[in-house]
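> Sharing a structure, written as structure tokens. Questions coming.
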């Protein structure tokens, strides 16, 4: 049965629920089923196409580490059949009490398809600990 | 005078030319002039709004380091008035002969506006040296 997500936010909720629950089938239901989908895991090259993207999630979700994720929304841009969400995702991993990783910045792009809203692009990248980048970093401002 | 970019690629070419030439005015001409624009520099938090984004570029382009950039296109998704380009950008910095930084993955999102195609989102993140990530990284595949 095909899961229909009525809004980009419904698809996003399902994406992060699938991540937390290590639910590969739910993760599969979130992504558009075509060759244009692209996933950039934190500090990893771009993976393109639904098949390769799902293989990467099978690898990640198959890990023994129990992961949780907390979201803080930044920018929402909706325009026609595309929706762009920029957010911080704070991933916790392993036993309770373990310090969380630094928040990652993610750009999620959704498209309205015949099967409802689906994830087209997920690009996640961590901010660094201070003074570890070799690019000039501007002062944080917003 | 307002510069009109007829295609997303024209805007992208101007973006990287402005980066290489440290040309702040050309950089300004590339971005949409509104509060929804968002720029995520490599390993940096999201910067939102045209004013803050331009301040960050003023900081970067004001650096003494002469930077060059080579682009390798990955995914191009155009849908209505939005265009999404995913690419690798290899930045070279400083004196000739200095080894280049590892290629960064960038997601660039353009929108067709009354002033032509403009950059709406730039999200750049570096892939790591091997074995330095604390996320499970899937094997590179495409």
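> Hey, does segment A:52-64 have a residue that's outside any helix (DSSP H, G or I) and in contact with a helix residue (DSSP H, G or I) (Cβ under 7 Å, 6 or more places away or on another chain)?
No, the conditions are met nowhere in segment A:52-64.
> While we're looking at this one, here's another question. Looking at segment B:53-65, I want the residues that are within 17 Å of residue B:123 (Cβ to Cβ) and within 7 Å of chain A (Cβ to nearest Cβ) and have a partner that is modelled with pLDDT under 90 and surrounded by 13 or more Cβ atoms within 10 Å (Cβ to Cβ) with Cβ atoms under 7 Å, at least 6 apart or on another chain. Which pairs are those?
Short answer, once both residue conditions are applied: B:56/A:138; B:60/A:136; B:60/A:138.
> Determine whether segment B:3-24 contains at least one residue that is modelled with pLDDT under 95, in a loop (DSSP other than H, G, I, E, B) and at negative phi.
Looking for residues that are modelled with pLDDT under 95, in a loop (DSSP other than H, G, I, E, B) and at negative phi, one finds at least one in segment B:3-24, hence yes.
So that you can scan it fast, the table gives a plain yes or no per residue for (1) touching a strand residue (DSSP E or B) at 6+ places or on another chain (Cβ under 6 Å); (2) at pLDDT 95 or above; (3) not in a loop (DSSP other than H, G, I, E, B):
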| position | (1), (2), (3) |
| --- | --- |
| B:85 | yes, yes, yes |
| B:92 | yes, no, yes |
| B:99 | no, no, no |
| B:110 | yes, yes, yes |
| B:121 | yes, yes, yes |
| B:136 | no, no, no |
| B:140 | no, no, no |
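> Taking segment A:66-83 as the region of interest, how many residues are within 8 Å of another protein chain (Cβ to nearest Cβ) and outside any loop (DSSP other than H, G, I, E, B)?
Residues meeting the conditions: 5.
> Restricting to segment A:26-48, name every residue that is more than 7 Å from chain B (Cβ to nearest Cβ) and not in a helix (DSSP H, G or I).
Matches in segment A:26-48: A:31, A:32, A:33, A:34, A:35, A:37, A:39.
The values are calculated or read from the model by the stated rules, or taken from the named source; none is laboratory data. Quick caveat, the model's predicted, so the values are computed rather than measured. Please note: Cβ atoms are built from the backbone with ideal geometry, for glycine as well, and neighbour counts cover all protein chains shown.
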